[in-house]
Amino acid sequence: MSTGRMSKSVSRRTFLKSSALGISAGWVSGRGINAGAGLKLNPGQKSVVMIYLPGGPTQFETFDPKPESPVEIRGSFLPTQTKVPGVQFCELLPRLSSIADRFSVIRTLVGMENRHESFQCYTGRAGGRTEDGEPAGGWPAFGSVISQLLGPGANGMIPYVDAAPKMSYGPYNNNGSHLQGNPSWPGFTGFKHIPFTLEGEVKSDLVLHGIDLTRLNQRKSLLQSVKRSQQQIDGEGLDNFQNQAFEMLTSGRFAEAMDLEREPQSVRERYGALQKTDPSFGGAPQSPQHLLLARRLVEAGVRCVTVAFGAWDWHANREGSIEYLSKKYLPLFDQSLAVFLQDLDERGLLEQTTVIVWGEFGRTPRINAKGGRDHWPGTQSVLMAGGGIQGGRIIGQTDRVGGVPADRPVHVQEIFATLYRNVGVDLATAQITDLSGRPRYLVDDNRFPIPELY
């Protein structure tokens with residue numbers, strides 16, 4: 001698919017057909033939208049872009065190569081020296097290696113369960129099972145908490161947007177689906193703080209169906225459709241949502257941010273074109289244009305954007321061996337992520353935008369008999385950049401086979417403490433109340449922002 005066709009599909013077909021109408025209620029309740037304003041980011045606003053890698057990426061073929069280990073552990077690829085002295089990545093990441101001074105990598109993440117659930121990445125906790133001890137309503141996603149605590153972004157912009165495509169494997173989607181147990185969504189922050197969904201149906205009773213371009217141009221028809229959906233949202237009401245949402249969709253900053261054709265062709269081509277992933281994975285395509293869209297959304301004032309990129313469940317029981325999959329999919333991952341970070345930096349947005357790139361868990365040290373790597377919650381590598389994070393840092397070291405931390409394990413709750421800190425939330429005082437009326441701190445006891453990143 002050409003870059004031009006991809007930009008048109010995201011800005012028109014995707015926006016008008018699916019998001020427009022996956023509208024959630026409440027983020028505009030009582031808050032105006034500055035329709036038609038420019039895309040300049042509020043200098044005081046901090047944002048987060050979470051790039052979720054469905055299926056759990058390999059740490060060995062990315063950010064934690066083990067060249068001294070036996071071949072069944074180190075794999076087929078050599079390490080390459082990065083711009084940071086003494087730090088090596090896999091040779092399939094040359095562009096990220098060349099800008100390694102602009103981001104940091106945590107090699108020793110712990111605290112994730114062996115579950116194919118995006119819920120862990122979006123909430124920082126496990127959920128859906130009795131033993132998880134979730135509060136009534138379930139844990140809210142990071143973006144939902146930010147929506148509740150901080151409200152709209154600059155000039156009344158939507159605070160929380162999920163730009164992931166709808167994936168065929170349910171628990172990869174940002175809707176609280178679990179391998180077992182009931183969905184934990186939207187969490188105890190309530191429907192007012194679910195993400196505005198750009199693609200697919202996050203929840204059928206929150207999607208307006210049957211809206212096409214012709215009907216979008218018929219303002220009365222659209223407004224009536226929005227009003228009819230009021231009954232579909234239990235006990236929440238829409239307040240001033242109808243008029244404000246409609247103005248945003250047709251003439252506001254959000255619609256402008258969604259239109260990738262406003263970007264120069266050279267910028268769209270720089271990011272690259274979509275590469276499909278094998279349908280058997282049930283994950284997302286590799287879509288660099290969605291990273292460009294994420295940049296435009298934070299530029300327009302969105303506080304939190306989530307994007308799913310690729311399909312990473314590389315057991316070698318689908319499509320091919322980890323050697324084949326790495327050669328096919330890592331070059332585009334390397335290019336598009338490097339371009340995204342450089343673009344944010346060049347536009348002066350990186351200091352205001354925290355970027356995190358991760359999956360549910362890592363992969364096994366030993367390559368299996370089929371030529372792949374299996375699930376491994378013992379550790380994984382996480383890329384973090386921006387928002388005040390210093391570049392060129394490697395946090396923690398794994399043991400000689402890359403299976404567990406040899407020093408400085410970093411808990412997933414420390415990651416979330418860092419994200420909250422970077423958007424200006426005071427973890428010592430900030431609380432949200434669950435459905436039983438109990439105040440909840442945002443992270444677990446004794447978990448703090450990662451000091452080595454600053």
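The values are calculated or read from the model by the stated rules, or taken from the named source; none is laboratory data. From a predicted model like this one, the values you see are computed outputs, not experimental measurements. Methodologically, a virtual Cβ is constructed for each residue, glycine included, from the backbone with ideal geometry; neighbour enumeration extends over all protein chains shown. Keep in mind that these areas ignore ligands, DNA and RNA; they rest on the heavy atoms of the full protein, side chains included. Shrake-Rupley method; radii C 1.70, N 1.55, O 1.52, S 1.80 Å.
Using a probe of 1.4 angstrom, how much of the accessible area of the stretch 253-389 is carbon and sulfur, in percent?
47 percent
What are the ³J(HN,Hα) values, in whole Hz, obtained from phi via the Karplus relation 6.51 cos²θ - 1.76 cosθ + 1.60 with θ = phi - 60°, for each residue of the stretch 176-182 in sequence order, with x given for Gly and Pro?
Each residue of the stretch 176-182 in turn: x, 6, 10, 5, 9, x, 6 Hz.
Once the Cβ-Cβ distance between Asp407 and Glu68 is put in as r, and R0 is 22 Å, what FRET efficiency do you end up with, to the nearest 0.05?
0.80
For Val48, what residues show an amide H to amide H distance below 5 Å, using hydrogens built from the backbone and excluding near sequence neighbours?
Amide H to amide H, under 5 Å and 5 or more residues apart or across chains, Val48 pairs with Cys304, Val305, Thr354.
Using alpha carbon centroids, what distance separates the stretch 280-297 and the stretch 178-197, in Å?
22 Å
Quick one: Karplus J couplings for the stretch 296-307, per residue in order, coefficients 6.51, -1.76, 1.60, θ = phi - 60°, nearest Hz, x for Gly and Pro?
With coefficients 6.51, -1.76 and 1.60, one gets 5, 5, 5, 5, 7, x, 5, 7, 9, 10, 10, 9 Hz.
Rank-order 93-103, 340-350 by packing density, defined as the average count of other C-beta atoms within 10 Å over each peptide's residues, highest first.
Top to bottom by mean Cβ count within 10 Å: 93-103, 340-350.
In nm, to one decimal, how far is the Glu91 label point from the Gln431 one, both placed 7 Å along Cα→Cβ?
Label-label distance for Glu91 and Gln431, simple model: 5.7 nm.
Please list the non-local residues whose amide H lies under 5 Å from the amide H of Val404, H modeled 1.01 Å from N, same-chain partners needing a gap of 5 or more.
Asp399
Over the stretch 57-99, calculate the relative contact order: mean separation of alpha carbon pairs under 8 Å at least 6 apart, over the residue count, as a percent.
Value for the stretch 57-99: 36 percent.
For a quick protection proxy, order the peptides 420-428, 118-126 by their average other-Cβ count within 10 Å, most packed first.
118-126, 420-428
Can you run phi through the Karplus equation (6.51, -1.76, 1.60; θ = phi - 60°) for the stretch 151-164 and list ³J(HN,Hα) in whole Hz, with x for Gly and Pro?
x, x, x, 3, 6, x, 5, 3, x, 9, 10, 9, 9, 7
Could you rank the peptides 272-282, 308-318 by their average count of other C-beta atoms within 10 Å per residue, with the highest value first?
Result, highest mean Cβ count within 10 Å first: 308-318, 272-282.
What distance in nm lies between label points placed 7 Å from Cα along the C-beta direction at Asn368 and Asp278?
1.2 nm
What residues have an amide H closer than 5 Å to that of Leu350, excluding those fewer than 5 places away on the same chain, when H is modeled at 1.01 Å from N in the peptide plane?
Counting only residues 5 or more places away or on other chains, the set is Asp345.
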